[in-house]
1. Open to solvent by 70 Å² or more (accessible area, probe 1.4 Å), in contact with a strand residue (DSSP E or B) (Cβ under 8 Å, 6 or more places away or on another chain) and either more than 17 Å from V275 (Cα to Cα) or not in a helix (DSSP H, G or I) (or both) - does that describe any residue in the range 177-188?
2. Got at least one residue in the range 2-11 being under 20 Å from T133 (Cα atoms) and open to solvent by 60 Å² or more (accessible area, probe 1.4 Å)?
3. For the subset of the range 10-40 comprising residues that are part of a loop (DSSP other than H, G, I, E, B) and closer than 18 Å to P85 by Cα, which member is nearest to the chain's Cα centre (by Cα)?
4. Would you mind stating whether D117 is acidic (D, E) and not in a helix (DSSP H, G or I)?
5. Based on this model, can you work out whether K129 counts as open to solvent by 30 Å² or more (accessible area, probe 1.4 Å), at pLDDT below 95 and in contact with an Asp or Glu (Cβ under 8 Å, 6 or more places away or on another chain)?
6. Suppose we filter the range 22-50 for residues that are open to solvent by less than 20 Å² (accessible area, probe 1.4 Å), touching a Ser or Thr at 6+ places or on another chain (Cβ under 8 Å), in contact (Cβ under 8 Å) with a residue 60 or more places away in the chain and more than 20 Å from A209 (Cβ to Cβ); how many remain?
7. Across the range 223-268, which residue is farthest from W9 (Cα to Cα) among those that are open to solvent by 70 Å² or more (accessible area, probe 1.4 Å) and of a type outside the set (D, E, K, R)?
8. With over 18 Å from the mean Cα position of the chain (by Cα), open to solvent by 30 Å² or more (accessible area, probe 1.4 Å) and at pLDDT 95 or above as the only criterion, which of R168, R108 stands out?
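The values are calculated or read from the model by the stated rules, or taken from the named source; none is laboratory data. This one's a predicted model, so the numbers in the text were calculated from it and none came from an experiment. Note that each Cβ is placed from the backbone with ideal geometry, even for glycine, and that neighbours are counted across all protein chains shown. All accessible areas refer to the heavy atoms of the entire protein, side chains included, with ligands and DNA or RNA removed. Shrake-Rupley method; radii C 1.70, N 1.55, O 1.52, S 1.80 Å.
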Amino acid sequence: MSVQAGESWSYSKFKFHGLSLSGIRTAIAMPELSLSFDVAQGYPYLLNLKQYFITHGHLDHAAGVPYIISQKAMNSQEPGKFYMPPSLVEPLDKIMKLWEQIEGHQYRYEFIPVKPDDEFQINGNTYVKVFPTTHRIESYGYTVFETVKKLKKEYVGLSQEEIIELRRKHINVNEVHEIPMVSFTGDTQIEFLDSRDWVKKSKILFLEATYLDERKTIDQARQWGHTHIDEIIPRLDEIESEQIVFIHASSRYSDKEALRLIREKVPQRLHNRVVLYPGR
């Protein structure tokens with residue numbers, strides 16, 4: 001188990017850059033895919049990305065939308081695509097219209113409403129799929145899927161020449177596997193785990209763990225649409241993810257204290273699968 005120093009974390013072929021601290025900032029980018037989950041206040045590492053997946057409209061997750069739009073315009077970049085809950089589209093559009101009035105400049109931007117199970121293509125073999133979460137306001141999570149072609153079981157073991165001959169006969173020898181690689185929850189109650197079966201099967205699962213000790217009870221966490229670590233612990237065994245990444249820890253905990261509490265609560269046998277993502 002670890003808490004990362006700085007803003008970057010890597011696992012396998014995946015690289016993440018960002019920060020997440022409850023009520024302060026959440027924006028975690030996947031630079032190689034040119035996308036980010038939430039945008040915090042619009043930090044420099046977000047400005048050159050192409051697609052932004054907004055979980056909900058609270059300021060620590062979405063305040064940076066106008067600034068990113070402004071910076072892209074100033075640097076003559078193509079407008080980014082911002083995917084978001086439908087209830088957020090109109091208010092954010094009004095905010096942008098007000099900024100246009102303040103600045104005397106008209107901006108180009110694209111706000112795209114999402115709904116559960118929507119799919120958005122990232123590149124030839126990668127797409128993002130939406131799943132519902134449960135917060136005080138409308139909220140959604142996002143999963144990065146990869147599509148992989150594999151030889152059908154009945155053809156495994158055939159020689160290359162035999163495979164070529166089957167293709168000449170217009171026989172489809174491959175099947176497509178859709179693999180959930182990275183899921184990101186944003187702010188949510190624990191119910192998100194049951195919203196879609198692929199979430200718990202994601203290779204990497206970023207999930208909110210705001211409260212880590214008795215200073216806030218489970219009931220208090222739920223009143224604010226958040227998750228307490230004591231709700232997560234009993235369900236860790238059903239999560240199949242290779243890496244379980246806790247985000248959005250309360251600012252009441254220092255990184256050292258948060259890591260100590262997680263180590264105490266997470267069973268030792270699972271320590272190598274759990275990461276506390278940095279917020280400072």
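1. yes
2. no
3. Top of the filtered list is D38.
4. On the way: acidic (D, E): yes; not in a helix (DSSP H, G or I): yes.
Considered against the rule, which asks whether it is acidic (D, E) and not in a helix (DSSP H, G or I), D117 comes out as yes.
5. Judged against the criteria, K129 is not a match.
6. 1
7. Taking the candidates together, the pick is Q223.
8. Of R168, R108, the one residue that is over 18 Å from the mean Cα position of the chain (by Cα), open to solvent by 30 Å² or more (accessible area, probe 1.4 Å) and at pLDDT 95 or above is R108.
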